[in-house]
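Below: one structure, written as structure tokens.
The values are calculated or read from the model by the stated rules, or taken from the named source; none is laboratory data. Quick caveat: nothing in here was measured; it's all calculated off a predicted structure. All Cβ positions, even for glycine, are placed from backbone atoms using ideal geometry, and neighbour counts span all protein chains on display.
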Amino acid sequence: MSESVSETRAAVLTGKGTAALATLQLYGSHAAQLIHSVFRSVSSQPATLDPGSILLGTIHDDGQSIDQVTVGCEDRNLFAIHCHGNPLIVEQIMELLQRRGATLLPAEQLLTDLWMDRGRLSAIAIEAKLILPRAMTLLGTRLLHHQIEGGLSRKITSWQERRARDDLPALQGECRELLAQRLPVKYLIHGCTVVLAGPPNSGKSTLLNCLCGQDAAVVTDVQGTTRDWIESPCHLGSLYVTVIDTAGLDPEIIDHAIDRQAQEQTLAVLKRADLVLLVLDNSRSSVKIHPSLLETIGQRPLLPVFNKSDLPPRLDRGKLPCELRGGIPVSARNNEGVAALIANIEAELGVKGIDAKTAVCFTERQEALLLQLQSAESSDEAEELIRRLGWDGGDDGGDRLRPTLGPL
Ligand SMILES: Nc1nc2c(ncn2[C@@H]2O[C@H](COP(=O)(O)OP(=O)(O)O)[C@@H](O)[C@H]2O)c(=O)[nH]1
Ligand SMILES: [Mg+2]
């Protein structure tokens, strides 16, 4: 057991102020002693905290009651205090635990210690378990679940079995494949941002309402109605997307300071986009593309959308810059062409053929190690990197895992 168990650590496992109840976890060799010093059972019998027992009582600070709680003993040195979720109560109890000698930690750190000491889980399994509660999509959740024993965990085991010296180039090819999918994997787990841009009146706000299934944005015939950007979350196919509607970009409507500011904001929002949908009015014979638009979009994925396809087509696509010629016809007003649009969004973001059972790279720590492994020059170096990637015990593993843990 690692040396760190000699101290007692406490963390709030539940989100701040989001629930009626909160769960505080206490872990360490002095945890039982600490619980006895702050907990008074309602029972007239002295509190015995054997593994599996749950007691009702109060947390008190030198005789003054803070809250009515239940205390569950999960193991000799592991306790859960279930108190009321009011952030002030949570803070008071945590502060009391700290005064009585506990070290306060973020939940993720305490769980990492716990799983390393007790479950002897591999780094990949710990990372997957920590990120799982934050996964934004069903496929993202299934992907993470699969990495715990299959997926990346299994790939690392197979690399360890085959040993890098057998075929380093083949192993490095597999690394490249994992790294090539890291952005789509990030979108599936953490969600992504799609920005609607284009000239005024092309139907951006109508498309936002159509995709998000609600009237989040105001739709009118008046040019320049959308001045502030509006964002709305929605599920599109397998993705969780924040869709952002922007003010139309028109080089001719910059008379008002407000319009100028709105257009500058649009350009700023574009820089946050994982994908830009450039919405064009297919029923007009010409479109004005703002000169800064394509420049700002730069290398970001771009998908042209030819809206108002319920009206007679007048747009001559041959006159558009070549990157805008192939696009998806939709009628945002009539909800037509939306399924094809969503399929194209998924394809543009690269999430199309990702199967829940694929091995994936899903944290910055993994990405950094895979990048090094991809260019490792000797099999000894590669083997050391593989060991660090899938750490499953050992005295140094925890130190390497903790500071670099985090989403991509
Ligand atoms: N016929 C037709 N009209 C549309 C469509 N989408 C939007 N419009 C109309 O076009 C006008 C401008 O739409 P809006 O969404 O406010 O455009 P935005 O300035 O790009 O946000 C409104 O009158 C909409 O009802 C469409 O698919 N077909
Ligand atoms: Mg608008």
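Structural remarks
- For region 155-172, the count of residues that are hydrophobic (A, V, I, L, M, F, W, C), closer than 19 Å to L385 by Cα and under 22 Å from the mean Cα position of the chain (by Cα) is zero.
- Only one entry of S286, S331 meets the criterion of being in contact (Cβ under 8 Å) with a residue 24 or more places away in the chain and more than 14 Å from ligand 1 (Cβ to nearest atom), and that entry is S286.
- Residue count for region 262-281 under the criterion of being modelled with pLDDT of 95 or more and outside any strand (DSSP E or B): the result is 1.
- Checking region 298-306 against the condition returns a match, with at least one residue being in the same structural domain as L320 (by TED's automatic domain parsing), within 16 Å of ligand 1 (Cβ to nearest atom), modelled with pLDDT of 80 or more and not hydrophobic (A, V, I, L, M, F, W, C).
- Meets criteria (away from ligand 2 (no atom under 13 Å from the Cβ), in a loop (DSSP other than H, G, I, E, B), at pLDDT below 85 and over 29 Å from the mean Cα position of the chain (by Cα)) for D255: yes
- The listed residue being of a type in the set (V, I, T), over 30 Å from T246 (Cβ atoms) and crowded, with 21+ Cβ neighbours inside 10 Å, out of T103, T112: T112
- Residue within region 47-59 that is of a type in the set (A, V, I, L, M, F, W, C) and under 21 Å from Q109 (Cα atoms) present: no
- Each residue in region 27-46 was checked for being part of a loop (DSSP other than H, G, I, E, B), in contact with a strand residue (DSSP E or B) (Cβ under 9 Å, 6 or more places away or on another chain) and surrounded by 14 or more Cβ atoms within 10 Å (Cβ to Cβ), and 1 of them qualify.
- Enumerated helices (runs of 4 or more DSSP H) restricted to region 94-213, each holding at least 3 residues that are of a type in the set (D, E, K, R): 151-162, 168-180
- Yes/no for A80 being assigned by TED's automatic domain parsing to the domain that holds A10 and of a type in the set (A, V, I, L, M, F, W, C): yes
- The residue list A343, A376, A356, A332 contains one member that is of a type in the set (G, A, S) and within 16 Å of ligand 2 (Cβ to nearest atom), which is A332.
- When L49 is tested against (1) free of Cβ contacts under 8 Å to residues at least 12 places away in the same chain; (2) over 21 Å from K129 (Cα atoms); (3) part of a loop (DSSP other than H, G, I, E, B), only condition (1) is not met.
- Test: residue in region 306-322 that is without any contact (Cβ under 8 Å) to a residue 24 or more places away in the chain and either touching a His at 6+ places or on another chain (Cβ under 8 Å) or under 16 Å from L277 (Cβ atoms) (or both): no
- Residue check, N307 surrounded by 14 or more Cβ atoms within 10 Å (Cβ to Cβ) and within 16 Å of ligand 2 (Cβ to nearest atom): yes
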